[in-house]
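Take a look at the structure below.
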Amino acid sequence: MSKPLVKIENLYYKYPTSEDFVLRNISLEIYRGECVGILGENGAGKTTLIKHLNGLLKPTSGSVEIDGIDTRDVSVASLSRKVGIVFQRSDMQFFSETVEAEITFALKNFGFNENLIREKVNWALEISRLKRYRHSSPFLLSGGEKKRLAIVSVLAWDPELVVIDEPTIGQDYFHKTQIMNLIRNEVYKGRSFVIVSHDMDFIASLVDRVIILSKGEVIAEGPTRAILSDLSLLEKASLMPPLSLRLSLSLGEKIVHPLTVDEFVKFIIGGLER
C-alpha cells in the first residue's frame with residue numbers, strides 16, 4: 001500500500017484554557033486521490049481536528065504527519081503549500097480589495113510567475129462563475145459566492161490536500177452540483193480532499209470514505225455506503241440519514257438502500273416496472 005498523505009496517531013488535544021480534551025485517541029490515515037467525509041454533531045470536534053491538518057493547532061499528545069512531516073516541526077506557512085483549508089466562515093479568510101486580487105494573493109506569495117497567475121485566475125473565475133465580479137470586493141458577494149471564491153482560491157495554488165468545511169452552505173442545487181463535479185475532477189487528477197459537512201446528500205454522492213466523530217472521538221470509519229446505511233450508528237451520532245434513504249424507508253423498503261438522488265430515481269423506476 002502507498003504511503004499515506006496524512007497520518008494521525010493517538011491524537012489528544014485540549015485547549016490551554018480547558019482541562020477537558022476536545023479530541024481523544026484519534027488515529028486515521030488519508031491517501032492521495034482520496035475524498036474523505038468527516039461527520040458529527042455540533043461540538044463533536046470536527047473543526048478542531050481539521051485545524052491540526054495544517055498546523056494551526058499542535059497535538060497535546062500523539063502526532064499528526066503530513067507527507068511524512070510532523071506538524072510540530074514546521075510552521076503553518078510551510079504546511080500551507082501542501083494543505084489548503086476553506087473554513088466555514090469563508091469571508092474570514094479574505095484579505096484583498098477585489099475578487100481577482102484575492103485569488104492572486106496566495107499565488108504571488110508562493111512565487112508563481114505572472115503568466116501562470118493570469119492563467120490560474122482566469123480558470124478560477126470561470127469555474128466559480130464569478131467572472132463578472134472580477135473587480136468587485138469579495139465582501140460584497142453572497143454567502144454562496146464567497147464560499148466558491150474561497151474554494152477556487154485554494155485550489156489555484158495546487159495543494160496536495162484540500163479541506164473544505166461546509167462546502168454547500170449558501171449553494172443552490174446547480175452550484176452544489178458544480179462544486180461536486182469540480183472536486184471529483186480534482187480527485188481524478190490525484191488531489192486529496194477532506195469534506196466536513198452536515199449535508200448528508202452531498203456526502204453520500206461524493207466521498208469514498210466516511211469518518212464519524214462524537215464527543216471528540218472517532219466512533220466509526222468506513223466506506224460511505226456502509227456507514228450512511230447504518231441507521232443505529234447515525235442515530236448514536238445525532239445524524240440524519242440521507243434524504244433518499246429516508247424516502248425509501250418511508251415507502252416500506254427494507255432491502256434496497258438508495259443513498260443518492262440518482263439511486264432513488266432508479267429505485268422508483270425499478271419499483272414501477274415491477
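The values are calculated or read from the model by the stated rules, or taken from the named source; none is laboratory data. Remember, predicted model here, so these are calculated numbers, not experimental data. Positions of Cβ are generated from backbone atoms using ideal geometry, with glycine treated the same way; all protein chains shown enter the neighbour counts. Only protein heavy atoms, including side chains, enter the accessible area calculation; ligands, DNA and RNA are left aside. Shrake-Rupley method; radii C 1.70, N 1.55, O 1.52, S 1.80 Å.
If you scan segment 22-43, which residues turn out to be of a type in the set (A, V, I, L, M, F, W, C) and farther than 22 Å from L206 by Cα?
Of everything in segment 22-43, those that are of a type in the set (A, V, I, L, M, F, W, C) and farther than 22 Å from L206 by Cα turn out to be V22, L23, I26.
Open to solvent by 50 Å² or more (accessible area, probe 1.4 Å) and not acidic (D, E) - does that describe any residue in segment 154-163?
Scanning segment 154-163 turns up no residue that is open to solvent by 50 Å² or more (accessible area, probe 1.4 Å) and not acidic (D, E).
Under the condition of being more than 21 Å from the chain's Cα centre (by Cα) and buried (at least 17 other Cβ atoms within 10 Å of the Cβ), which residue from segment 88-104 is nearest to Y133 (Cα to Cα)?
The selected residue is V99.
Condition check: of a type in the set (A, V, I, L, M, F, W, C), in contact with a Ser or Thr (Cβ under 6 Å, 6 or more places away or on another chain) and either part of a loop (DSSP other than H, G, I, E, B) or within 30 Å of S136 (Cα to Cα) (or both). Does I103 satisfy that?
Against the criterion (of a type in the set (A, V, I, L, M, F, W, C), in contact with a Ser or Thr (Cβ under 6 Å, 6 or more places away or on another chain) and either part of a loop (DSSP other than H, G, I, E, B) or within 30 Å of S136 (Cα to Cα) (or both)), I103 qualifies.
Can you pull out the residues in segment 105-125 that are hydrophobic (A, V, I, L, M, F, W, C) and open to solvent by less than 90 Å² (accessible area, probe 1.4 Å)?
F105, A106, L107, F110, F112, L116, I117, V121, A124, L125
All but one of (1) open to solvent by less than 60 Å² (accessible area, probe 1.4 Å); (2) within 16 Å of F87 (Cβ to Cβ); (3) not β-branched (V, I, T) hold for S128, so report the exception by its number.
(2)
For segment 11-33, check the following and say yes or no: at least one residue is open to solvent by 10 Å² or more (accessible area, probe 1.4 Å), more than 21 Å from the chain's Cα centre (by Cα), among the acidic types (D, E) and within 18 Å of K215 (Cα to Cα).
Scanning segment 11-33, I find at least one residue that is open to solvent by 10 Å² or more (accessible area, probe 1.4 Å), more than 21 Å from the chain's Cα centre (by Cα), among the acidic types (D, E) and within 18 Å of K215 (Cα to Cα), so the answer is yes.
Just the residues that are out of contact with any Ser or Thr (no Cβ under 8 Å at 6 or more places or on another chain), modelled with pLDDT under 95, part of a loop (DSSP other than H, G, I, E, B) and polar (S, T, N, Q), please, taken from segment 28-71.
N42 - this is the single residue of segment 28-71 that is out of contact with any Ser or Thr (no Cβ under 8 Å at 6 or more places or on another chain), modelled with pLDDT under 95, part of a loop (DSSP other than H, G, I, E, B) and polar (S, T, N, Q).
Among the residues of segment 34-75, how many are open to solvent by less than 10 Å² (accessible area, probe 1.4 Å), within 28 Å of L239 (Cα to Cα) and within 17 Å of the chain's Cα centre (by Cα)?
12
Quick one: is S63 hydroxyl-bearing (S, T, Y) and either closer than 14 Å to S153 by Cβ or touching a residue at least 40 places away in the same chain (Cβ under 8 Å) (or both)?
yes
Can you pull out every residue in segment 127-138 that is charged (D, E, K, R) and part of a helix (DSSP H, G or I)?
Within segment 127-138, the subset charged (D, E, K, R) is 129, 131-132, 134.
The answer is K131, R132.
Looking only at strands (runs of 3 or more DSSP E) that lie completely in segment 139-250, which have at least 3 residues being touching a residue at least 24 places away in the same chain (Cβ under 8 Å) and under 30 Å from T104 (Cα atoms)?
On the way: elements: 161-165, 192-196, 209-214, 217-223.
It comes to 161-165, 192-196.
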